[in-house]
Amino acid sequence: MKSFLSDIDTSNFSDIDFEILNFINNNINLVSNMNIEDLSNILFTSKSTIVRFCKKIKLDGFSELKYILKNESTTNTNIFNDFMSHNIYMYNNFVKNIELDKILSAVDLISNNDPLYIFGHSLSEIPAKYLYTVLNSLDRRCVFINKPILMKSISSSLDEKSTILIISANLNNSIYEDIVKTSINNKSKIILITRNHHSNLIPYANIAIFSNDKNISYKNIDVNSRIGIITIVQIIIELSYKKLLSK
């Protein structure tokens, strides 16, 4: 949403005008509740300079500027509150309906002593690396891989004792299909953690755990939330910790 301040014509601004504008831009809530004397003291300028600034931006005076800023602040707050309320609702609904039986089955595979490979590519590398780091700290030795070509090569040499845990928001076939199918042919076990319920790779997995993260992109850049995936990873870590501790 565009701010009133972002549309101001600054072609005839002086240095002090830019200073006033920058301060207001960075302190909208504060300025909307100040009087002109307080603002002039903070900026080490006169009240008349602030009034002239208001005239330059086509306002009657400082009172009108405060009125506009208060409205913008309220609008932005409402947008933020609506956004947070929706996301909290979605998160609570996800946690309430989380697939605990699948997570427990995954924990059984993760907590044994058989070879474990954790694969995460691109942004999904972050939760994958986190899981790998914690498990190794718990003396559960495993291998972290973030290169598809390397994972494909390794998958061809695995056997029925090995488990591959793949974390991917989108689970694109072009990256994962060869890895999954090669692993299945070698009778390796596969755990998938993804938001993509519709991937044709799901039937190949021994365990598929789904988050409710939405598919969002901006200018063809993946900006998917991974909050659900990270939550699944955290639950796996805490349950694995208890299981490993009891051994």
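The values are calculated or read from the model by the stated rules, or taken from the named source; none is laboratory data. Please read these numbers as outputs of a predicted model, since none were measured by experiment. Here the Cβ is made from the backbone with ideal geometry for all residues, glycine too, and neighbour counts use every protein chain on show.
Does segment 95-114 include one or more residues that are under 27 Å from SER14 (Cβ atoms) and touching a Ser or Thr at 6+ places or on another chain (Cβ under 7 Å)?
No, that holds for no residue.
Out of the residues in segment 197-207 that are in contact with a strand residue (DSSP E or B) (Cβ under 9 Å, 6 or more places away or on another chain) and surrounded by fewer than 19 Cβ atoms within 10 Å (Cβ to Cβ), which is farthest from LEU158 (Cα to Cα)?
Within segment 197-207, the match that is farthest from LEU158 (Cα to Cα) is HIS197.
Across segment 25-62, what is the number of residues that are under 40 Å from the mean Cα position of the chain (by Cα) and small (Gly, Ala, Ser)?
Total satisfying the criteria: 1.
Of everything in segment 196-219, what is among the aliphatic types (A, V, I, L, M) and assigned to a helix (DSSP H, G or I)? Give them in sequence order.
ILE202
Of the conditions (1) within 24 Å of the chain's Cα centre (by Cα); (2) of a type in the set (S, T, N, Q); (3) over 14 Å from SER240 (Cβ atoms), THR133 satisfies every one except a single condition; which number is it?
Failed condition: (3).
List the helices (runs of 4 or more DSSP H) that sit entirely inside segment 5-75 and contain at least 1 residues that are in contact with a helix residue (DSSP H, G or I) (Cβ under 7 Å, 6 or more places away or on another chain) and among the hydroxyl-bearing types (Ser, Thr, Tyr).
36-43, 47-56
Here's the yes/no breakdown for (1) more than 19 Å from GLU99 (Cβ to Cβ); (2) modelled with pLDDT of 90 or more:
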residue: ALA208; (1), (2): no, yes
residue: LYS214; (1), (2): no, no
residue: TYR218; (1), (2): yes, no
residue: ASN224; (1), (2): yes, no
residue: ILE230; (1), (2): no, yes
residue: LYS242; (1), (2): no, no
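Mind checking which residues of segment 181-195 are assigned to a loop (DSSP other than H, G, I, E, B) and either among the small types (Gly, Ala, Ser) or buried (at least 20 other Cβ atoms within 10 Å of the Cβ) (or both)?
Within segment 181-195, SER188, ARG195 qualify.
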